[in-house]
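**Student:** First the structure, then my questions, so here it is.
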Amino acid sequence: MPLNLYTSNRMEVLVDSLAATLQKPLASAFTKEVIVVQSRGMQRWLSMELAARFGVWANGHYPFPNAMVQELQSHEVGGADGSSSRGG
């Protein structure tokens, strides 16, 4: 799973960089794009911006930073088959 980190104090610059990155589709249409956000408001704004730029936007996954760290840790700690040690 590649991890791209972009920084700026202007959201317009960040969404431009994200849109450029998302121009190339993922290998599978069923794979979710993972975008870390600070708030649900940011998630909604970002979804609307991407929909405006691409005409449609779907299948995005927007974890908060702590949730993303937990996902990365469970991915690394998980077994060779990709399962994690958590039940579920």
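**Student:** Keeping to the stretch 33-72, report how many residues are of a type outside the set (A, V, I, L, M, F, W, C) and in a loop (DSSP other than H, G, I, E, B).
**Tutor:** 6
**Student:** What do you reckon, is Leu72 modelled with pLDDT under 90, within 14 Å of the chain's Cα centre (by Cα) and surrounded by 10 or more Cβ atoms within 10 Å (Cβ to Cβ)?
**Tutor:** yes
**Student:** Something else now. How about the stretch 1-31: which of its residues are modelled with pLDDT of 90 or more and basic (Lys, Arg)?
**Tutor:** Correct list: Arg10 only.
**Student:** A further question on this structure: Quick check: is even one residue across the stretch 2-14 touching a residue at least 12 places away in the same chain (Cβ under 8 Å), in contact with a strand residue (DSSP E or B) (Cβ under 9 Å, 6 or more places away or on another chain) and not hydrophobic (A, V, I, L, M, F, W, C)?
**Tutor:** Among the residues of the stretch 2-14, not one is touching a residue at least 12 places away in the same chain (Cβ under 8 Å), in contact with a strand residue (DSSP E or B) (Cβ under 9 Å, 6 or more places away or on another chain) and not hydrophobic (A, V, I, L, M, F, W, C), which makes the answer no.
**Student:** Could you list all residues from the stretch 1-44 that are surrounded by 12 or more Cβ atoms within 10 Å (Cβ to Cβ) and basic (Lys, Arg)?
**Tutor:** Matches in the stretch 1-44: Lys32, Arg44.
**Student:** Same structure again: Considering only residues that are over 23 Å from Leu72 (Cα atoms), of a type outside the set (A, V, I, L, M, F, W, C) and touching a Leu at 6+ places or on another chain (Cβ under 9 Å), which ones fall in the stretch 1-34?
**Tutor:** Of everything in the stretch 1-34, just one residue is over 23 Å from Leu72 (Cα atoms), of a type outside the set (A, V, I, L, M, F, W, C) and touching a Leu at 6+ places or on another chain (Cβ under 9 Å), namely Ser8.
The values are calculated or read from the model by the stated rules, or taken from the named source; none is laboratory data. Everything numeric here is computed off the predicted structure, so don't read it as measured data. Virtual Cβ from ideal backbone geometry, glycine too; neighbours counted across all protein chains shown.
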